[in-house]
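Participant: Here you go, one structure.
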Amino acid sequence: MSLFRPLFQRILVLSLSLACTAPVLAQQLPVPPALAAKSWLLLEVGSGQVLTAEKPDERIEPASLTKLMTAYLTFAALRQKTIVLDTPVTVSQKAWKTGGSKMFIRVDTQVPVDDLIKGMIVQSGNDACVALAEAIAGSEESFAQMMNREAKRLGMSGTSFTNSTGLPDPQLYTTARDLATLASALIRDFPEEYKRYYSMKEFRYNNITQPNRNRLLWMDSSVDGVKTGHTEAAGYCLVSSSQREKRRLLSVVLGTKSDAVRASESLKLLNWGFQSYDAVTLFAKDQPVATLRVWKGTQKTVKAGFDRPFMIAVPRGYADKVKSEFTPQPRLMAPIQAGQQLGALKVTIDGKVYGEYPVLALENVGLIGIFGRTIDSVLLWFEK
């Protein structure tokens with residue numbers, strides 16, 4: 001029996017006594033609303049929980065929701081200094097001639113990247129998307145390849161992109177689940193850009209003022225984005241996000257019959273999520289869940305936790321019944337990188353499993369020299 005095991009390799013059980021003012025509800029999850037849509041999904045962004053969904057993996061035509069990926073790659077290019085906001089982009093014949101919704105840029109003129117982003121997000125300009133794609137990747141075709149690589153990296157397994165705009169194509173498709181993954185990544189990875197552009201209610205360019213097509217920006221002050229989409233095949237679609245106090249929900253509603261319906265059904269879904277679930281913060285950002293033994297490392301222990309506040313949504317009235325149990329991976333070996341999964345946190349409500357969530361390394365641990373590794377190899381032999 002190891003002397004280290006009681007100190008470093010234990011299962012940590014956390015009984016969470018949380019304030020709860022609502023009465024205990026029935027022993028079941030809240031009943032979600034029925035929506036007049038083909039498919040939908042509601043995501044608790046803080047925890048990644050899907051609160052409700054209908055046909056979330058059914059393949060659909062994304063229409064202008066495609067522009068979420070165009071925006072994601074544009075923000076990434078800004079961060080990498082491939083482009084800057086005041087970079088003048090020369091409008092090509094292809095960008096100028098692109099059909100569908102327009103920002104109304106003119107061929108052979110130069111438009112700053114900042115204006116093109118506003119034209120893409122607020123006005124849903126297909127011409128702006130093509131101009132940005134060409135500025136970043138050289139051609140829209142090369143940009144589409146970048147879109148698919150990024151989709152794969154994000155885990156969007158049901159998605160294929162062929163253009164930057166969302167104009168119909170047989171090989172352009174996605175799912176409600178993948179759109180939730182993409183939109184939540186955009187909000188998480190580019191919070192300043194999201195705040196700057198997606199809550200804009202209108203944008204004026206070339207003496208033409210166009211309103212943001214997201215009606216929820218006027219209907220609910222807690223809504224701060226994200227994007228609309230519409231084609232004949234896709235119907236009227238809306239990805240929207242609302243933050244109330246510290247909670248953020250993301251709604252994906254696809255295939256409704258009108259602009260008004262996509263807005264009302266999205267708001268219905270968001271309101272249900274906020275009213276039916278309470279948010280419970282289990283751990284603060286970088287708060288250790290446990291300190292674990294590391295073998296063959298430059299230090300003997302590593303802190304495990306979450307790289308952002310870890311919050312879960314629980315049915316209203318059950319916050320005081322939440323418990324969590326951390327199970328570490330056995331025999332952690334250096335090197336360890338910050339962000340590497342070190343175990344899992346199982347959350348239960350009233351004794352029933354509610355979900356399992358990865359717990360990450362909060363620090364790097366390098367590999368020790370050969371002499372130290374030899375000593376740990378001997379100690380590990382006694383662990384058997």
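Participant: In the range 234-269, what residues are basic (Lys, Arg) and either in contact with a Pro (Cβ under 9 Å, 6 or more places away or on another chain) or surrounded by fewer than 18 Cβ atoms within 10 Å (Cβ to Cβ) (or both)?
Facilitator: Once the filter is applied, which keeps residues that are basic (Lys, Arg) and either in contact with a Pro (Cβ under 9 Å, 6 or more places away or on another chain) or surrounded by fewer than 18 Cβ atoms within 10 Å (Cβ to Cβ) (or both), the range 234-269 yields ARG244, LYS246, LYS257, LYS268.
Participant: Also: Only one of these is closer than 30 Å to ARG106 by Cβ and either part of a loop (DSSP other than H, G, I, E, B) or outside the structural domain of LEU73 (by TED's automatic domain parsing) (or both): THR162, THR228. Name it.
Facilitator: THR162
Participant: Another question, if that's okay. Looking only at the range 75-123, which residues are part of a loop (DSSP other than H, G, I, E, B), of a type in the set (Gly, Ala, Ser) and crowded, with 16+ Cβ neighbours inside 10 Å?
Facilitator: SER92, GLY100, SER101
Table: residues versus (1) aromatic (Phe, Trp, Tyr); (2) touching a Phe, Trp or Tyr at 6+ places or on another chain (Cβ under 9 Å); (3) surrounded by 20 or more Cβ atoms within 10 Å (Cβ to Cβ); (4) not in a loop (DSSP other than H, G, I, E, B).
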{"site": "ASN271", "(1), (2), (3), (4)": "no, no, no, yes"}
{"site": "THR281", "(1), (2), (3), (4)": "no, yes, no, yes"}
{"site": "ASP286", "(1), (2), (3), (4)": "no, yes, no, no"}
{"site": "VAL302", "(1), (2), (3), (4)": "no, no, yes, yes"}
{"site": "GLY317", "(1), (2), (3), (4)": "no, no, no, no"}
{"site": "PHE326", "(1), (2), (3), (4)": "yes, no, yes, yes"}
{"site": "GLY339", "(1), (2), (3), (4)": "no, no, no, no"}
{"site": "GLU363", "(1), (2), (3), (4)": "no, no, no, no"}
{"site": "VAL378", "(1), (2), (3), (4)": "no, no, no, yes"}
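The values are calculated or read from the model by the stated rules, or taken from the named source; none is laboratory data. What you see is a predicted model; the values in this text were computed from it and never measured. Virtual Cβ from ideal backbone geometry, glycine too; neighbours counted across all protein chains shown.
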